[in-house]
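Each value in this text was obtained by applying a stated rule to the coordinates, not by laboratory testing. Since the model is a prediction, treat every value here as computed from it, not as a measurement. A quick note on method: Cβ atoms are made from the backbone with ideal geometry, for glycine too, and the neighbour counts reach across all protein chains shown.
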Amino acid sequence: MSFDLANKVRPDFPILDRIVRGGNALVYLDSAATSQKPNQVIDAEAQYYREINATIHRSGHELGELASAAYEEARQNIAGFVGAKAQNLIFTKNATEGLNLVAYAFLNATLMHRNGQTKYAQYALNPGDVILLTEMEHHANMVPWQHIAQLTGAAIKYIPVSDDGVLELSEDLFTNNCKIIAVTHQSNVLGTINDVAKIAEYANAIGAHLILDACQSVPHLPTNLENLNVAAAAWSGHKMLGPTGVGCLFLSDDLLLGLPPFLLGGNMIENVTFEKSTYRSDNGKFEAGTMNIAQVIGLSAAATYLSEIGLDRVHQHEVGLTRKALTALLEMPGIRVLGPSEMSIRGGLISFEVNGVHPHDVSQYLDANGIAIRAGHHCAWPLHRRLGAVASSRASFYLYNTEAEVEQFLAAVSEIRSYFKVA
Amino acid sequence: MSFDLANKVRPDFPILDRIVRGGNALVYLDSAATSQKPNQVIDAEAQYYREINATIHRSGHELGELASAAYEEARQNIAGFVGAKAQNLIFTKNATEGLNLVAYAFLNATLMHRNGQTKYAQYALNPGDVILLTEMEHHANMVPWQHIAQLTGAAIKYIPVSDDGVLELSEDLFTNNCKIIAVTHQSNVLGTINDVAKIAEYANAIGAHLILDACQSVPHLPTNLENLNVAAAAWSGHKMLGPTGVGCLFLSDDLLLGLPPFLLGGNMIENVTFEKSTYRSDNGKFEAGTMNIAQVIGLSAAATYLSEIGLDRVHQHEVGLTRKALTALLEMPGIRVLGPSEMSIRGGLISFEVNGVHPHDVSQYLDANGIAIRAGHHCAWPLHRRLGAVASSRASFYLYNTEAEVEQFLAAVSEIRSYFKVA
Amino acid sequence: MNLDALYQEIILDHYKSPHGQGLQPDFTGEAFHVNTSCGDEVTVRVMVADGTIKEMTHDGVGCSISRASASVLHDLTDKQESNKFYELLDEFVELMHSQGKTEPNEDVLGDAAAFAGVSKYPARVKCALLPWMAMKDAMEGNTDE
Amino acid sequence: MNLDALYQEIILDHYKSPHGQGLQPDFTGEAFHVNTSCGDEVTVRVMVADGTIKEMTHDGVGCSISRASASVLHDLTDKQESNKFYELLDEFVELMHSQGKTEPNEDVLGDAAAFAGVSKYPARVKCALLPWMAMKDAMEGNTDE
Ligand SMILES: Cc1ncc(COP(=O)(O)O)c(C=O)c1O
Ligand SMILES: Cc1ncc(COP(=O)(O)O)c(C=O)c1O
């Protein structure tokens, strides 16, 4: 196993040279929360502001034309990155907005249908309908559905998670009254990569809309959304080397054309009178107001950066690091690893408990050694309860992490219990 | 009248040195659409990515602490800039999201109230209730209200605009069934600065929630939101020298504490179980998911930049330029200026029609001279119909514009009718 | 001025004195199109019979490019075979997407060749195409073929 | 290691063997607090009579800082006058917001002085304050004064 990739890319990431607490060199193992940014991305944004900044789609001057073209080229590029058509890609501020957009568009469809707009019948939710989630969802893919279930009278059901962190899929769960199925591609706590192809098969058999939370997959795994056969997929730019403040939402033609809009205002309209408004029918329907233009352009630079390396190589690199860490943690006394012990169904992150030491104390101890991990419930509180964990500590890896960093991490973890006098 | 300010600040704005179409130096007169960015703002964002990028509020490592502190300091700073408390300030992606947030929170309150949650009674909209807008609203402050009116059964009414572009305010319009009043502080088409103090007085007398669209005021006029006595105010960062992808929403304590949330997901929750979730009660209730951290920090740099100059000086500078342009346009044959001819109730923008020449042709002609203005209905289509204008051309000014630029603009406008052979 | 490549004399002449403007009451197909990014509007009516466009008329509001385009389109298609419209449409759409890199085929396009300069201005391409797209829909709405 | 300033022996000892843990059934005031950013939870019960805290007990889950803080708080307030709690609270809150710049007053704060190092870690200040804020609410919920 060779870990050349990290050494090759590290010079592009200025923050990785930083000295942090206690004079230690930064070991950044929190990329599942947010990734660091290469110069290529930082510079793309700055260059946009220095050279072509203007509003898009509506200005009749040269800067406006350049900015519009750059924005739409970014859309093309990012769509290509995930195997989708540009016309099916919508920009949001983060994955959370994308998932809310879908949920609220279904709520709007329901309310407009109840108001007599029969064209939305297909998307209306009613008592007796089911929204099927999994027990491993992030709050972003759980709370919006709970909200619209409460307001429409639909019920929420869950695909259970086994003790070792795998979905207990069974066709029985996919009953005909399931209207929406919302599932994460890769768990941000367990690392489990779910069998989306299988879920899509079950979903399609009953005509349910499959909504994918792709936050932890698009940045780390080669992803082809058209092949995955999902109705929608949401992810965030900041987890894939891109800027903060930008997310992506893929909508299949069905939802893109069929759902009513969510945010309302400039750009998304077709006609506005004092009495009523009509809306565009293309992806612009879901992009209201002045968009996050610089961030979209920065994200496109991130997609190009990742494409040039190749997502398969990124994934391989992460698998190598994760396998090393996982093997060591599974053997370390007083450590409980959450999620599967099988690397073949896992991505590049590991959540664990240190017996007798609270996760915040774990992360504080590592921080004192310059190692940045995350402690808490990682926005998946119900999953932690399900697994009988108060919270957990999570180390997550990306293309810029080195084998030496994993070793430093493991050495520090092995000291924790004695520092806190529980071993 | 001295125009020193522009010469002093121009070196901070790299794009202003740009050569555009036909080898002309850029004359940027489209700041009402989006402003240009000083190096201070561009660098603040880049520095954030290079030095402290991390997720906020939830990471137990040093970068997370630094990023959280920088984000909350930015909130303090921006709140101070508009005379508000940090706890009343919420970050959004743009003003459009902020206005939608308020509208959807009222919709949620209505639906939750109808579902038996009596604590939302105060915010529920019902048939017979009125949402009062003005005829000069931007689509962003009109279409969301039309939407929730349609779904709740409330009615929309309008404060009329006179032929010379002034609100025809009369206390009769403020009937007791008005629940929400949504008004722009300064029209982005007419330039009219509305008498918000008077409107707030009428609104408070009937206990209606006054929502202010502050997009064209906060960047250009000294603004103290607490003194203005509004229930909410929304504006965008990109129009006040800040990055794209960030907006602000001020919510009074009443709405902040009383309204249910809008976007749902990480950070805004108090507790989540598989069955139901409860929400935070502070401003975090309205900030779901990973925020636009770098953009908030960039916006704070913009607020600092503007504060150091002083908004009164910025406003004076704009008034000087606008008066010069207005005086000349009012005397130019074949030109119709929209909005008041009185500078005392006007901000730094002028929309106009050139007799016989469509606004797109006007802006194209100016663009060929390097002058960037905007043509269209400026997201205020109903207002244009009201004024009998198909669309209009708009020149808008900011602190970096010079008297010489206004002269170039006027010279070019005076040639248009003969170029298109209508004079 | 570089602008003259966009606003050719022919275009400005059509703008000033448009041909075929004013909708005729008899028609076999009609379509209304609007450019949402700027609000330009056009309605096109066609009367088609025996594979021939007996009459093409239009009305609308918009910039010189979109109005002149409708006028030129009238000249090119009024009293012509339906097929000719589709041939011209392909040729014109291609020209509009050429970003100024294609020489227009003046023999086929006639006055429409004057729009070649528009293709360098991405924001204006939609203006030039607006009446063409409306006419395409009007032709398809026609049930008389 | 710099960490020792945060995790003083006293804190780790209280964490390992907390005092006052386990809620007593009789109480005049109770409050449950949770730190939403990390999920730490604490319940504090107080039995107040005649201006005296007859009994203070607590329970919860959380990190060493929040658990030790509850234990220290028990030692400082159990069987003490109610006023003493409020004096200590002011002193402790001030210390926590000092960003490591204030020397703790050991005579007043006792074992709570060991938390001085926490004030340099903004993310942990909330942990240390959690039981104090819960106790404040528990005291106010008390109707027996
Ligand atoms: C008066 C007014 N309101 C609302 C908006 C919408 O702002 P944004 O597009 O940044 O959301 C604008 C600017 O476009 C505006 O000028
Ligand atoms: C699986 C998963 N879903 C959703 C989210 C929410 O993403 P964001 O906070 O960028 O909206 C995250 C990250 O926080 C995640 O890991």
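Summing +1 for each Lys or Arg and -1 for each Asp or Glu among the other residues whose beta-carbon sits under 9 angstrom from that of residue A:130 gives +1. Per-residue 3J(HN,Hα) values for the stretch B:237-252, derived from phi via the Karplus relation 6.51 cos²θ - 1.76 cosθ + 1.60 with θ = phi - 60°, read x, 5, 8, 10, 6, x, x, 6, x, 8, x, 10, 10, 8, 10, 4 Hz in sequence order (x marks Gly and Pro). Per the Debye calculation on the stretch D:1-53 with a single equal scatterer at every Cα and no solvent contribution, log₁₀ I(q)/I(0) for q = 0.13, 0.30, 0.31 Å⁻¹ amounts to -0.52, -1.08, -1.10. What base-10 log of the normalised intensity I(q)/I(0) is obtained for the stretch A:78-172 from the Debye formula, alpha carbons as equal point scatterers, at q = 0.15 Å⁻¹? Normalising to I(0) and taking log10 leaves -0.77. Remark on residue B:83: its backbone amide H falls under 5 Å from those of B:225, a criterion applied only to residues 5 or more positions apart or on other chains, H modelled at 1.01 Å from N. Under the rule a/c < 1.5 gives rounded, and otherwise a/b versus b/c splits prolate from oblate, where does the stretch B:370-423 land using the Cα gyration tensor? Oblate.
Only bridges whose two residues both fall in chain B count here: according to DSSP, what percent of them are antiparallel, nearest 5? Of all bridge pairs located within chain B, approximately 60 percent are antiparallel. Peptide A:63-71 has a mean shielding of 4, counted as Cβ atoms of other protein chains within 10 Å of each residue's Cβ. The per residue volume of the convex hull around the alpha-carbon atoms of the stretch B:121-163 is 69 Å³.
Of all lysines in the structure, the ones whose alpha carbon falls short of 21 Å from that of residue B:324, not counting any fewer than 8 places away in one chain, are B:8. Only Cα pairs under 8 Å and 6+ residues apart enter the sum, and on that basis the relative contact order of the stretch D:3-140 stands at 30 percent.
Taking a sphere under 14 Å around the Cβ of residue A:140 and counting the other residues whose Cβ falls inside, with K and R at +1 and D and E at -1, yields a net charge of -1. Per residue of A:141-148, other chain Cβ atoms within 10 Å of the residue Cβ number 6 on average. Take every DSSP beta bridge whose two residues both sit in the stretch A:124-269; close to 30 percent of them are antiparallel. For chain A, set up a Gaussian network in which alpha carbons nearer than 10 Å are linked by springs, and say which option among A:344, A:281, A:68 fluctuates the most. Highest fluctuation of the listed residues: A:344.
In this calculation the C-beta distance from residue B:404 to residue B:204 is compared with R0 = 35 Å, giving a FRET efficiency of 0.15.
Across the copies of the chain, residue A:423 has label points (7 Å from Cα along Cα→Cβ) spaced 8.5 nm apart, shortest distance listed first. Per residue of A:290-302, other chain Cβ atoms within 10 Å of the residue Cβ number 5 on average.
Each principal axis of the Cα cloud of the stretch A:1-138 was evaluated for its coordinate range; sorted largest first, these ranges are 63, 50, 32 Å.
Using a ≥ b ≥ c from the Cα gyration tensor of the stretch A:184-223 (square roots of the eigenvalues), is it rounded, prolate or oblate, where a/c under 1.5 gives rounded and otherwise the larger of a/b and b/c decides, a/b for prolate? It comes out prolate by the Cα gyration axes. Its Kirkwood hydrodynamic radius, worked out from the mean inverse distance over all distinct Cα pairs, puts the protein assembly as shown at 31.5 Å. Here the contact order of chain A, divided by its residue count and restricted to Cα pairs under 8 Å and six or more residues apart, works out to 23 percent. Cross-link pairs exceeding 28 Å between alpha carbons, from the set C:84/C:120; A:85/C:126; B:239/C:16; A:37/C:101; A:276/C:120: B:239/C:16; A:37/C:101; A:276/C:120. Quick one: what does P(r) look like for the stretch B:201-352 with 5 Å bins over all Cα pairs, in whole %? Result returned by the calculation: 2, 8, 13, 14, 15, 14, 12, 9, 5, 3, 2, 1, 1, 0. Please grab the % of Cα pairs in the stretch A:106-234 that end up more than 22 Å from each other. For the stretch A:106-234, the share of Cα pairs beyond 22 Å comes to 35 percent. Computed from phi, the 3J(HN,Hα) profile of the stretch A:300-314 under the Karplus parametrisation 6.51, -1.76, 1.60 (θ = phi - 60°) reads 5, 5, 5, 4, 4, 4, 5, 5, 5, 6, x, 5, 5, 5, 4 Hz, with x in place of Gly and Pro.
From largest to smallest, the equivalent ellipsoid semi-axes obtained for the stretch C:29-97 from the alpha-carbon gyration tensor read 21, 15, 10 Å.
Stretching the chain fully between residue A:171 and residue A:43 yields a gain of 41.2 nm (0.36 nm per residue, less the alpha carbon separation).
Rg/Rh, computed from the Cα trace of the stretch C:3-140 with Rh as the Kirkwood radius, has the value 0.94.
Sequentially through the stretch A:70-75, phi angles give Karplus couplings (6.51, -1.76, 1.60; θ = phi - 60°) of 5, 5, 6, 5, 4, 4 Hz, Gly and Pro residues having no value and appearing as x.
Based on C-alpha pairs under 8 angstrom that are at least 6 apart in sequence, the stretch A:190-300 has a relative contact order of 20 percent. What fraction, in whole percent, of alpha-carbon pairs in the stretch B:11-78 exceed 20 Å separation? For the stretch B:11-78, the fraction of Cα-Cα distances above 20 Å is 49 percent. Count charges around residue A:202 for me, please; just the other residues with Cβ under 11 Å from its Cβ, Lys/Arg as +1, Asp/Glu as -1. Local charge sum for residue A:202: -3.
Translational diffusion of chain B was estimated from the Stokes-Einstein equation, with Rh taken as the Kirkwood radius over Cα pairs; at 4 °C and 1.567 mPa s the coefficient is 58 µm²/s.
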